[in-house]
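Report on the following structure.
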Amino acid sequence: MQGYGSLIQDPKYFKTYVEYLKKFFEFYNNKGIPFWGMTVQNEPSTGSNKDWKWQTMNFTAESMRDFIKDYLGPALQTSNVTKNLKVMILDDTRAILPMWADVDLNNFVVAFCDWNLALDLNGGPNWAKNFVDSAIIIDKERQEFYKQPIYYALAHFR
């Protein structure tokens, strides 16, 4: 979906979505690519913007909390591949963090999520022309990579 949408508020759709997510992680694990964590939705507040130009799905703090508590969390616990998967919330703008903190960030929960680990010299590849920065910059022509200062800052969190 592109802009201005949310998951249909019906348990059958919640269950279908969490089964899809669980199968995604199981498939990658079977190919030798394990995951340690996930975010529920990239930039969840963007789904409330009817003019948002990229695929998105709206979650409020309350709807994401309930989705995790009632559907995603229990479903992930049913698979050996996903039962220890770390679930993160609000990889969004800090401007709305206070609205989410009271709902979701309690019981000593804390996290940091970096958007990109490695990009090319132009901040891509990116189909949406949303060129950004990353911890590692790759120069494909020279077959070199450069570690930026954020790389070393992230190295402190193991």
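The values are calculated or read from the model by the stated rules, or taken from the named source; none is laboratory data. Note that the structure is predicted; figures quoted are calculated from it, not measured. A quick note on method: Cβ atoms are made from the backbone with ideal geometry, for glycine too, and the neighbour counts reach across all protein chains shown.
A few remarks follow.
- Subset of the stretch 14-57 [aromatic (Phe, Trp, Tyr) and modelled with pLDDT under 90]: 52, 54
- Contact map, the stretch 10-21: first residue not assigned by TED's automatic domain parsing to the domain that holds residue 77, second residue assigned to a helix (DSSP H, G or I) and at pLDDT below 90, Cβ cut-off under 8 Å, separation 6 or more or different chains; the map is empty.
- Residue 158 being part of a loop (DSSP other than H, G, I, E, B), modelled with pLDDT of 90 or more and either of a type in the set (Lys, Arg) or exposed (fewer than 12 other Cβ atoms within 10 Å of the Cβ) (or both): no
- Residue 74 being more than 18 Å from the chain's Cα centre (by Cα) and either among the aromatic types (Phe, Trp, Tyr) or at pLDDT below 80 (or both): no
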